[in-house]
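Let me begin by presenting the structure, written as structure tokens, before commenting on it.
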Amino acid sequence: PSSKLLIKGGTVVNAHHQQIADVYVEDSIIVAVNSNIRVGDDVTIIDAAGKYVMPGGIDPHSHLDFDVVFTTTVDDFFSGQAAALAGGTTMHIDFVIPLNGSLTAGFEDYQKKAKKSCMDYGFHMVITKWDETVSREMELIVKEKGINSFKFFMAYKEALMINDELLLEGFKKCKSLGALAMVHAENGDAVYEGQKKMIELGITGPEGHALSRPAVLEGEATARAIRLADFVNTPLYVVHVMSIEAMEEIAKARKSGQRVIGEPIASGLALDESWLWHPDFETAAKYVMSPPIRKRGHDKALQAALSTGILQLVGTDHCAFNSTQKARGIDDFRKIPNGVNGIEERMHLVWDTMVESGQISVTDYVRLTSTECARIFNIYPRKGAILPGSDADIIILNPNSSFEISAKSHHSRLDTNVYEGRRGKGKIEVTIAGGRVVWENNELKVARGTGRYIKMAPFSYVFDGLEKKDAIYLNSLEAPVNRSKNNSSKISDFLF
Ligand code: URP
Ligand code: ZN
Ligand code: ZN
Ligand code: ZN
């Protein structure tokens, strides 16, 4: 049976335009966006008068069913996605972290985990080692498996960290494949020293986590990754930008014309590190993530950078461990599993901190939470837009209603919430995913197996004679000031 929906009279918002219009959906596709669409009586009508009708959120950064060897995140592809849908996010891009190093085995493993999906999803691939096999597998992953981005960890020594030599190999390979290189930017060797120092000093609590890996180490690694990407002349995506130090490196590079993307996350925009000093271990431990949530002031600076275009999109890094899992590190902060929640809260938090506060427009909100992500990962305008032909992933937000966050009412399996008690204006009242109304009247109606894997095609880096899809990509990556043409093809274009 085909399902037909008419969303009537709302303010339809895309990244560059808003208008009062009706949106007509058939099955999983948006068929028409127009004023006064007339339909038959087999169509379900949703009244959106006085509300915003926007593309569903796309979270570029999550870790569902993430096995960290000694334990696994509490949210899997069903519970994490259900939580996401209740909070207005209709697609996420998760990280395949191949435990035994084989990219294809890792990919198949994650596809198995994702079978229970109730929401569309895509993948980034993490590179943790380097040899001929990995290099060949990267090619296969891009050409056959629908992944166009690779993440490299510059931190987590003794686990995931790679050195500069490998980073360069990886960047070169990304460039040759038309894939986007991503980095977790912290100086892992220095963090390791910092951690030893804290333990020596007897600082074993969660505050030791923040003290051992200060913002200067995030700034250093961000700068290094940016320079190595410049050397190879390939675009770079910096995940979870948490500090002024890292943000300023991105600002400087973009100003010089380098194609660098910066992704702040909900916790970096809406929290500060003071919780890590809370005397109660359980409370403090839930805020432990890497890079750490910084001192008050970094949050405001990251918000400002988003509103001025220095940073481009917002993720969550949703990585959920409950209090019993966090308790592993009661005597040693190094053993606390890293990560905070956010996949359910991001859309409300960005609305409240950025739109409600007057820092950005509603069209900017759509760009930062959805459209920019779709463009960067080459799935626009199928995703990230309310246009005829786009997937029917739609949210309806009531600007006059309020949200309140609590572990008692959230949909994640977590027993805690880092935003506990937070309230704000702007409530996502309806979520439509793939043409199905999955969230309405505070009720979730989701079904396992309804989420689809969204393949993301690579880009071809052409510096002259741009094809259309390349033009979109380079646009979204273009810095405010462009390099002159002569300057844009560097010696490294011939070297690598
Ligand atoms: O603490 C964090 N961020 N955990 C998730 C893994 C990562 O580094 O993104
Ligand atoms: Zn128009
Ligand atoms: Zn990371
Ligand atoms: Zn992450």
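The values are calculated or read from the model by the stated rules, or taken from the named source; none is laboratory data. All values reported here derive from a predicted model rather than from experimental measurement. Glycine also receives a Cβ, built like all others from the backbone with ideal geometry; neighbour counts cover every protein chain displayed.
Write out, first by first residue and then by second, each pair whose Cβ atoms fall under 6 Å of each other, whose residues are 6+ apart or on separate chains, and whose first residue, in the stretch 341-366, is at pLDDT 95 or above while the second is of a type in the set (Lys, Arg).
What qualifies is 356/425.
Take the residues in the stretch 408-445 that are part of a loop (DSSP other than H, G, I, E, B) and over 22 Å from the mean Cα position of the chain (by Cα); name whichever of them is farthest from residue 48 (Cα to Cα).
415
Looking at (1) within 16 Å of ligand 3 (Cβ to nearest atom); (2) in contact with a Cys (Cβ under 9 Å, 6 or more places away or on another chain), which is the only condition residue 384 fails?
For residue 384, the failing item is (1).
Can you spot a residue in the stretch 78-89 that is touching a Pro at 6+ places or on another chain (Cβ under 8 Å) and under 23 Å from residue 380 (Cα atoms)?
No, there is no match, as no residue in the stretch 78-89 is touching a Pro at 6+ places or on another chain (Cβ under 8 Å) and under 23 Å from residue 380 (Cα atoms).
For the stretch 408-429, which positions are crowded, with 18+ Cβ neighbours inside 10 Å and under 21 Å from residue 78 (Cβ atoms)?
Those that are crowded, with 18+ Cβ neighbours inside 10 Å and under 21 Å from residue 78 (Cβ atoms): 410, 411, 412, 414, 416, 417, 428.
What pairs come out if I take residues in the stretch 246-266 that are closer than 16 Å to residue 151 by Cα and touching a residue at least 24 places away in the same chain (Cβ under 8 Å) and pair them with residues that are outside any loop (DSSP other than H, G, I, E, B) and among the charged types (D, E, K, R) whose C-beta lies under 6 Å away, six or more apart or interchain?
Hits for this filter: 260/254.
May I ask you to say which residue of 335, 295, 326 is farther than 21 Å from residue 243 by Cβ and either surrounded by fewer than 17 Cβ atoms within 10 Å (Cβ to Cβ) or touching a strand residue (DSSP E or B) at 6+ places or on another chain (Cβ under 7 Å) (or both)?
335
From the list 93, 127, exactly one residue is within 16 Å of ligand 4 (Cβ to nearest atom), of a type in the set (Val, Ile, Thr) and surrounded by fewer than 24 Cβ atoms within 10 Å (Cβ to Cβ). Which is it?
Being within 16 Å of ligand 4 (Cβ to nearest atom), of a type in the set (Val, Ile, Thr) and surrounded by fewer than 24 Cβ atoms within 10 Å (Cβ to Cβ) holds for just one of 93, 127, which is 93.
Out of all the residues in the stretch 10-61, which are exposed (fewer than 14 other Cβ atoms within 10 Å of the Cβ), charged (D, E, K, R) and either within 16 Å of ligand 3 (Cβ to nearest atom) or part of a strand (DSSP E or B) (or both)?
47
Please state which of the following conditions residue 98 fails to meet, knowing it meets all the rest: (1) surrounded by fewer than 24 Cβ atoms within 10 Å (Cβ to Cβ); (2) under 17 Å from the mean Cα position of the chain (by Cα).
(2)
Any idea how many residues of the stretch 173-211 are in a loop (DSSP other than H, G, I, E, B) and under 24 Å from the mean Cα position of the chain (by Cα)?
Within the stretch 173-211, residues that are in a loop (DSSP other than H, G, I, E, B) and under 24 Å from the mean Cα position of the chain (by Cα) number 5.
Within the stretch 253-283, take every residue that is closer than 27 Å to residue 181 by Cα and hydroxyl-bearing (Ser, Thr, Tyr) and give me the one that is surrounded by the fewest Cβ atoms within 10 Å (Cβ to Cβ).
Across the stretch 253-283, the extreme among qualifying residues is 256.
When both residues are 6+ apart or on different chains and their Cβ atoms are under 6 Å apart, which pairs have a first residue that lies in the stretch 77-89 and is closer than 11 Å to residue 117 by Cα, and a second that is of a type in the set (Lys, Arg) and crowded, with 24+ Cβ neighbours inside 10 Å?
Short answer, once both residue conditions are applied: none.
The conditions are (1) free of Cβ contacts under 8 Å to residues at least 60 places away in the same chain; (2) within 16 Å of ligand 3 (Cβ to nearest atom); (3) closer than 29 Å to residue 14 by Cβ, and residue 64 fails exactly one of them. Which is it?
(1)
Could you say whether any residue in the stretch 318-340 is hydrophobic (A, V, I, L, M, F, W, C), within 25 Å of residue 399 (Cα to Cα) and at pLDDT 95 or above?
No, the stretch 318-340 has no match at all.
Take residue 250 and decide whether it is aliphatic (A, V, I, L, M), buried (at least 23 other Cβ atoms within 10 Å of the Cβ) and away from ligand 4 (no atom under 16 Å from the Cβ).
Yes; evaluated as a whole, the condition is true for this residue.
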